[in-house]
1. Quick test for you: out of 158, 95, pick the one residue that is crowded, with 16+ Cβ neighbours inside 10 Å and either at positive phi or in contact with a strand residue (DSSP E or B) (Cβ under 8 Å, 6 or more places away or on another chain) (or both).
2. Based on this model, can you work out whether residue 200 counts as closer than 17 Å to residue 35 by Cβ, in contact with a Gly (Cβ under 7 Å, 6 or more places away or on another chain) and modelled with pLDDT under 90?
3. Could you please let me know if residue 201 is of a type in the set (D, E, K, R) and farther than 22 Å from residue 43 by Cβ?
4. Working only within segment 18-33, note down all residues that are in a strand (DSSP E or B) and surrounded by fewer than 15 Cβ atoms within 10 Å (Cβ to Cβ).
5. Would you check if there is a residue in segment 76-87 being basic (Lys, Arg), closer than 24 Å to residue 145 by Cα, assigned to a helix (DSSP H, G or I) and at pLDDT below 95?
6. Give me the residue from segment 89-104 that is assigned to a helix (DSSP H, G or I) and in contact with a helix residue (DSSP H, G or I) (Cβ under 7 Å, 6 or more places away or on another chain) and, out of that set, nearest to residue 140 (Cα to Cα).
7. Conditions: (1) in a helix (DSSP H, G or I); (2) within 22 Å of the chain's Cα centre (by Cα). Residue 112 meets all but one. Number of the miss?
8. Failed condition for residue 144, given (1) out of contact with any helix residue (DSSP H, G or I) (no Cβ under 6 Å at 6 or more places or on another chain); (2) at pLDDT below 95; (3) assigned to a helix (DSSP H, G or I), with all others met?
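The values are calculated or read from the model by the stated rules, or taken from the named source; none is laboratory data. This one's a predicted model, so the numbers in the text were calculated from it and none came from an experiment. Reconstructed Cβ throughout: ideal geometry from the backbone, glycine too, with neighbour counts over all protein chains shown. Note: accessible area is taken over every heavy atom of the protein model, side chains too, but ligands, DNA and RNA are not part of it. Shrake-Rupley method; radii C 1.70, N 1.55, O 1.52, S 1.80 Å.
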Amino acid sequence: MIEFSDVTKSYTKDTQALKGVSLQIEDGDFAFLVGTSGSGKSTIIKIITGELKPTSGHVHVNGYSLERIRRREIPYLRRTVGVVFQDFRLITNMTVYNNVAFAMRVIGAREREIRERVPYVLDLVGLSGMDKRHPNELSGGEQQRLAIARALVNNPSTIIADEPTGNLDPARSLEIMALLQEINNLGTTMLVVTHEKELVERFNRRVIVIDNGLIVGDGMDGYFPYEDQ
């Protein structure tokens with residue numbers, strides 16, 4: 001579960017990115033996080049992943065209290081939270097298989113576990129049979145699927161997808177969103193940061209709206225308040 005309780009985050013004396021944010025995302029939820037540039041979306045993500053600590057308030061993520069978390073505990077927190085980045089961040093000189101396997105190796109997984117898990121995850125995201133290709137041999141949609149596989153391979157309870165369709169055409173965007181919904185249906189909590197109004201309205205899930213560091217909307221009606229995102 002992700003829980004923010006009256007959370008503030010100040011970068012400088014005059015720059016307050018979050019201003020008393022409270023929200024709760026239960027295990028298995030699917031939610032969109034939307035807002036204008038500079039509204040506080042990235043700060044929320046960085047706090048959830050332990051990259052930043054809140055200035056005040058309480059944050060709990062998958063059993064960890066983030067205002068008190070110790071540096072040595074952060075890698076364990078991050079095993080519970082997979083992140084899918086808009087720019088993919090794939091390792092270009094590694095094969096599809098090794099891009100995913102690398103995420104397991106860095107947490108000390110055994111090679112036997114890797115050999116069993118990686119093909120399963122590649123099949124789940126529709127990349128079965130592509131394990132020997134390199135990222136530059138994949139389409140944009142396939143690269144995003146590979147990024148999702150890497151985020152998924154360590155079986156996190158939560159996935160944060162940061163603008164996962166921002167570099168894709170509309171058809172590929174729908175495919176990626178359908179895949180994220182499928183993963184959510186298997187029990188993984190999903191938080192999707194997006195500026196794409198059509199996707200938010202089409203999938204009709206919970207929408208958390210942040211504006212100027214404040215939560216100004218939170219509902220299940222697929223409402224998207226900004227016309228020019």
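1. The conditions single out 158.
2. Answer is yes for this residue.
3. Yes; evaluated as a whole, the condition is true for this residue.
4. Residues satisfying the conditions are 22, 24.
5. Within segment 76-87, one or more residues are basic (Lys, Arg), closer than 24 Å to residue 145 by Cα, assigned to a helix (DSSP H, G or I) and at pLDDT below 95.
6. So the residue we want is 96.
7. Among (1) in a helix (DSSP H, G or I); (2) within 22 Å of the chain's Cα centre (by Cα), the lone unmet condition for residue 112 is (2).
8. Every condition holds for residue 144 apart from (1).
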